[in-house]
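Asks: Following this message is one structure expressed as structure tokens.
The values are calculated or read from the model by the stated rules, or taken from the named source; none is laboratory data. Keep in mind it's a predicted model, so treat the numbers as computed, not measured. Here the Cβ positions follow ideal geometry from the backbone for every residue, glycine too, while neighbour counts run over all protein chains shown.
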Amino acid sequence: MRRQFTASSLRLLDRLWPWLCAASVALSLLMLTALLSLLLVRGLGHFWPATLEEVTLRSGEVVTGEAIRETSLPQEAGAERLYFTGNRDVSGANWRWLALDDIVQRTTPEALVRLERTPWGDFIGRLVGIDAEGEQLEGQPAWEYLTAALALPASQRPSGELVLATADGQILRQPLASISHATAPNAMTWWQKTSAWGQRVWQFLSEGPRAANTSGGVWPAIFGTLLMVILMSVIVTPFGVLAAIYLNEIAHQNRLTRLVRIGVRNLAGVPSIVYGVFGLGVFVYGIGGSLDSWFFSNTLPSPTFGTGGLLWASLTLALLTLPVVIVATEEGLARIPDAQREGAVALGATRLEMLMRIVLPMAVPAMLTGVILAVARAAGEVAPLMLVGVAKLAPQMPVDGEFPYLHLERKFMHLGYHLFDTAFHGEDVQAAMPLVYATALLLVLIVLVLNLTAIFLRHYFRRQRGNEC
Amino acid sequence: MIPPRAPVSHQPLRQLKNRIATGLITAGGIGVLLAILAIGVFLVWETLPLLGLDQTFALVKLSPLAWGTLKAALAAMLFALPIALGAAMYSALFMSARLRSRIKPALEMMEAIPGVVIGFIAGLVLAPWVERHLASTLVVLVWLPLSAGLAGVLWHLLSSRLRQGLPLSWAGLWLVPWLAGMLMLALWLAPLLETMLPGGDLRQWLEQRWGLDYATRNALVVGIAMGFAVIPSIYALAEDALADVPHALMEGAQALGASRWQALWKVALPAAGPSIFSAVMIGAGRAVGETMIVLMASGNTALFSASPFEGMRSMAAAIAIELPEASPGGLTYRYLILAALVLFIFTFLVNTLAEMVRLRMRRRYQKAGRY
């Protein structure tokens, strides 16, 4: 009896467990696609000029804004919708929840405009007219005048004043100089929207953050990340290659070398925050503190090198990625057949000549792969940077026209930290969310492209090498 | 053709250059290796002054952090282990070679996604959603594995023509829409199930019945997010381990009448066991040291609580938050460095052990493959 039971349950297991295993692959893929598509849709969708709605409430009040999302009410039946209404100077808030039951009518009039202003954030409403240099324009000509004026560079723009009307009929006078962008999304054709989308993506990539990181772009963060990563690879490549050559070509292959090799490999698994602690204690407080007391004692107690900065961040990340480069280069060196080395030495080459002319050129692809993998790891690392020199808003770029042009002691902005800071320490997280999504998408894209390049390179060179041998 | 010989007068110069270069490379190589070693030395050196002090403060300070680290890692492993090992078994034993060559890079990509992005999604998207739909989340966690089994049962009931169209070797791919559909179904049904509870609200019920508080950012969210981050590393190593087991072993077992399940359980798993264990250890090491995900998704409250619905503060997150503000040389500074030392020693030991096991197993199978 019992035997029969186990036999039948075994048969069932035998049938079912492959499906459970297959489902775990499917589930991983599902999670990966969900994550990537969430980032793609939210990150890129934000730049699409959203339709502006004019909503009439049961009480007779009229609200204009962009519909963001809906949720069901917590305790009772029904749902409410979140609107971005802008006009913080008039109504005191950028956001408004409206219960769906209260809404009588939703329209999308073409006359609604959205203006980006420097002091108060976005304005959503109607453009009544413009007083510009003695001229009084109204309606469509006023709109054309405004777009023409905004197309000019900031210094050449005419001075003037806009007359704006909010949905509930308040009149606002706004100087033209405070406006940075103007759109009338409801009147745009599909093609105009696409080009506006392209423009806004470009602005995101090329401008600095505005309004406490809730709008504008991430250019300083991109620049900081790139500069830090470049400095890091300049440091890590020669040292990593040197160590790999020593381990593989010069050191005697004995128990000790094997242990060292295992040790190096395992340092890749040590948490990055530990490297950050090392960087803070040794580079910043140790070396940086000494440098300050020797060379910059006139500015003490405000530290120059004794605080986090670009140089220390690059050094820390170089140390963090050193194992990656060493392991990849060593793999490349080990794959070169010994016959090549023996042949070179038999023809009278010294060890240096053998290394420089035969071995290293053949190992270049492996080194390249190692460096790219290191860069990919470094670009996504945030935790150690929080200890050794990243800033939420760096007042000065680390490269400028002032001697010595590259300022290694300055703090810098980093995409990953920018993302963390805006998402968790921002004032208006709701308003910053779209930009956070876009930043996350950008970071993921950079890291994925780097990794794909490494994978592709490895496969390509491996195949080529396969043909040679 | 005989290559022209370098003039004899150049020979000593060449030899000298060779000597110097070899010396330089040796010095550089040893220097780099020592620099790496310096990490451990520095951490030990900075924590030495703590030895003579009263240890109660250390206990008060570090034990909640240690607890938080273990809780976060445990939650992550609970979520990641079944998925990673299942995926490894499937792709080593069943998956078609073509699909496998595509899936492995895809999961490598998954490993490359920065922790800060996963943490952001977990803390700001997943955590609020789970808070509002706790019942749905729990239902989904139970329902998804069941629905996979259901897919298996349905597949066996299909006609053989349909079965050929949906082969098991590609199931990793075509189960994706099935699971997505089942997910939707669960999300649609879960609120109905929740109304059957007394009070009609799971969180209230948990609080009244079991006295469980609910924090928005909790161990459940951390487990899912960090599990997602460690799945690929466990998967990659475990898959390699299973693929290394000689095929002859599995085939022999099946020829002797074992079912696939028995062949896996009695032959492949014991043979690959140590390597799989080392894969799990490496995954645990990653989970223990991961900073950004815990920092962003755990709420960072230093609590002693085993509840999956409450937050924690891990050692890595505590270092990231507190160390920049601690004055160098102070007591807090030293204790945080002690936490870093613990992390360092733990991950280093775990990884070394795992690596040694892996190398030993590999050597054994290379020998076995030869006969």
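Asks: Looking at A:Gly370, is it assigned to a helix (DSSP H, G or I), touching a residue at least 24 places away in the same chain (Cβ under 8 Å) and either assigned by TED's automatic domain parsing to the domain that holds A:Phe461 or crowded, with 19+ Cβ neighbours inside 10 Å (or both)?
Replies: So A:Gly370 fits the description; yes.
Asks: Looking at A:Leu333, is it in the same structural domain as A:Leu242 (by TED's automatic domain parsing) and either farther than 30 Å from B:Gly285 by Cα or crowded, with 23+ Cβ neighbours inside 10 Å (or both)?
Replies: No.
Asks: Please go through (1) free of Cβ contacts under 8 Å to residues at least 24 places away in the same chain; (2) within 12 Å of another protein chain (Cβ to nearest Cβ) for A:Pro404 and return the number of the only condition it doesn't satisfy.
Replies: Only one criterion in (1) free of Cβ contacts under 8 Å to residues at least 24 places away in the same chain; (2) within 12 Å of another protein chain (Cβ to nearest Cβ) is unmet by A:Pro404, namely (2).
Asks: Just one of B:Leu242, B:Leu264, B:Leu220 is touching a helix residue (DSSP H, G or I) at 6+ places or on another chain (Cβ under 8 Å), under 22 Å from B:Met109 (Cα atoms) and in contact (Cβ under 8 Å) with a residue 40 or more places away in the chain; which is it? Working first, answer last.
Replies: Values: B:Leu264 fails: under 22 Å from B:Met109 (Cα atoms); B:Leu220 fails: under 22 Å from B:Met109 (Cα atoms).
The unique qualifying residue is B:Leu242.
Asks: Something else now. Go through the residues of segment B:287-294 one by one and say whether even a single one is without any contact (Cβ under 8 Å) to a residue 60 or more places away in the chain and crowded, with 24+ Cβ neighbours inside 10 Å.
Replies: For segment B:287-294, residues without any contact (Cβ under 8 Å) to a residue 60 or more places away in the chain and crowded, with 24+ Cβ neighbours inside 10 Å: present.
Asks: Now for a different question. Within segment A:1-45, take every residue that is surrounded by 19 or more Cβ atoms within 10 Å (Cβ to Cβ) and more than 7 Å from chain B (Cβ to nearest Cβ) and give me the one that is modelled with the highest pLDDT.
Replies: A:Leu39
Asks: Could you tell me which residue of segment B:181-190 is farthest from B:Met89 (Cα to Cα), considering only residues that are within 13 Å of another protein chain (Cβ to nearest Cβ) and surrounded by fewer than 15 Cβ atoms within 10 Å (Cβ to Cβ)?
Replies: Checking each candidate, the answer is B:Met184.
Asks: Would you call B:Arg364 surrounded by fewer than 21 Cβ atoms within 10 Å (Cβ to Cβ), more than 13 Å from every other protein chain (Cβ to nearest Cβ) and over 22 Å from B:Ala225 (Cα atoms)?
Replies: yes
Asks: Here is a further query. From the list B:Leu70, B:Leu43, B:Leu59, B:Leu65, which one is at pLDDT below 85 and not charged (D, E, K, R)?
Replies: Unique residue meeting the criteria: B:Leu59.
Asks: Also, I was wondering about something else. Provide a single number: the residues in segment A:376-431 that are at positive phi and surrounded by fewer than 23 Cβ atoms within 10 Å (Cβ to Cβ).
Replies: 1
Asks: Take A:Thr329 and tell me if it is in a helix (DSSP H, G or I) and within 11 Å of chain B (Cβ to nearest Cβ).
Replies: no
Asks: Taking the stated definitions as given, is B:Val153 at pLDDT below 85 and within 12 Å of chain A (Cβ to nearest Cβ)?
Replies: Against the criterion (at pLDDT below 85 and within 12 Å of chain A (Cβ to nearest Cβ)), B:Val153 qualifies.
Asks: Follow-up question, since we're still on this one. Any idea which of A:Val274, A:Val229 is without any contact (Cβ under 8 Å) to a residue 12 or more places away in the chain, buried (at least 19 other Cβ atoms within 10 Å of the Cβ) and of a type in the set (A, V, I, L, M, F, W, C)?
Replies: A:Val274
Asks: Quick one: would you say B:Leu206 is part of a helix (DSSP H, G or I), in contact with a helix residue (DSSP H, G or I) (Cβ under 9 Å, 6 or more places away or on another chain) and either surrounded by 18 or more Cβ atoms within 10 Å (Cβ to Cβ) or more than 9 Å from chain A (Cβ to nearest Cβ) (or both)?
Replies: Yes, satisfied.
Asks: Do we have any residue at all in segment B:57-76 that's surrounded by 24 or more Cβ atoms within 10 Å (Cβ to Cβ), within 14 Å of the chain's Cα centre (by Cα), at the interface with another protein chain (Cβ under 8 Å from one of its Cβ atoms) and touching a residue at least 12 places away in the same chain (Cβ under 8 Å)?
Replies: Within segment B:57-76, none of the residues are surrounded by 24 or more Cβ atoms within 10 Å (Cβ to Cβ), within 14 Å of the chain's Cα centre (by Cα), at the interface with another protein chain (Cβ under 8 Å from one of its Cβ atoms) and touching a residue at least 12 places away in the same chain (Cβ under 8 Å).
Asks: Residues that are more than 8 Å from chain A (Cβ to nearest Cβ): list the helices (runs of 4 or more DSSP H) wholly contained in segment B:90-150 that include at least 3 such residues.
Replies: B:97-112, B:127-132
Asks: So, one more: Would it be correct to say that A:Gly224 is out of contact with any helix residue (DSSP H, G or I) (no Cβ under 6 Å at 6 or more places or on another chain), buried (at least 16 other Cβ atoms within 10 Å of the Cβ), over 15 Å from A:Glu116 (Cβ atoms) and at pLDDT 85 or above? Spell out how you get there, then give the answer.
Replies: Working: out of contact with any helix residue (DSSP H, G or I) (no Cβ under 6 Å at 6 or more places or on another chain): yes; buried (at least 16 other Cβ atoms within 10 Å of the Cβ): yes; over 15 Å from A:Glu116 (Cβ atoms): yes; at pLDDT 85 or above: yes.
Spelling it out, A:Gly224 is indeed out of contact with any helix residue (DSSP H, G or I) (no Cβ under 6 Å at 6 or more places or on another chain), buried (at least 16 other Cβ atoms within 10 Å of the Cβ), over 15 Å from A:Glu116 (Cβ atoms) and at pLDDT 85 or above.
Asks: Here's another thing I want to ask about it. For segment A:260-270, which residues satisfy the criterion of being free of Cβ contacts under 8 Å to residues at least 40 places away in the same chain and either out of contact with any helix residue (DSSP H, G or I) (no Cβ under 9 Å at 6 or more places or on another chain) or buried (at least 24 other Cβ atoms within 10 Å of the Cβ) (or both)?
Replies: Passing the criteria: only A:Val270.
Asks: Just for segment A:230-241: of the residues that are within 15 Å of A:Val324 (Cβ to Cβ) and hydrophobic (A, V, I, L, M, F, W, C), which one is nearest to the other protein chains (Cβ to nearest Cβ)?
Replies: A:Phe239
Asks: Could you look through segment B:215-231, keep only residues that are away from every other protein chain (no Cβ under 14 Å) and outside any helix (DSSP H, G or I), and pick out the one that is nearest to A:Leu32 (Cα to Cα)?
Replies: Here the residue is B:Asn218.
Asks: Further question on the same structure: Any residue at all in segment A:91-98 that is modelled with pLDDT under 80, on the phi < 0 side of the Ramachandran plot and of a type outside the set (Gly, Ala, Ser)?
Replies: The answer is yes; a qualifying residue exists.
Asks: Can you tell me how many residues within segment A:287-314 are surrounded by fewer than 21 Cβ atoms within 10 Å (Cβ to Cβ) and outside any loop (DSSP other than H, G, I, E, B)?
Replies: Residues meeting the conditions: 8.
Residues checked against (1) under 29 Å from A:Asp428 (Cβ atoms); (2) outside the structural domain of A:Thr64 (by TED's automatic domain parsing); (3) outside any loop (DSSP other than H, G, I, E, B):
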residue: A:Ala93; (1), (2), (3): yes, no, no
residue: A:Trp97; (1), (2), (3): yes, no, yes
residue: A:Glu116; (1), (2), (3): yes, yes, yes
residue: A:Asp122; (1), (2), (3): yes, yes, yes
residue: A:Arg126; (1), (2), (3): yes, yes, yes
residue: A:Asp131; (1), (2), (3): no, yes, yes
residue: A:Gln136; (1), (2), (3): no, yes, yes
residue: A:Val163; (1), (2), (3): yes, yes, yes
residue: A:Ala167; (1), (2), (3): yes, yes, no
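Asks: Another question about this same structure. Based on this model, can you work out whether A:Leu73 counts as within 14 Å of chain B (Cβ to nearest Cβ), surrounded by fewer than 17 Cβ atoms within 10 Å (Cβ to Cβ), over 30 Å from B:Ile103 (Cα atoms) and at pLDDT below 75?
Replies: So A:Leu73 passes the test.
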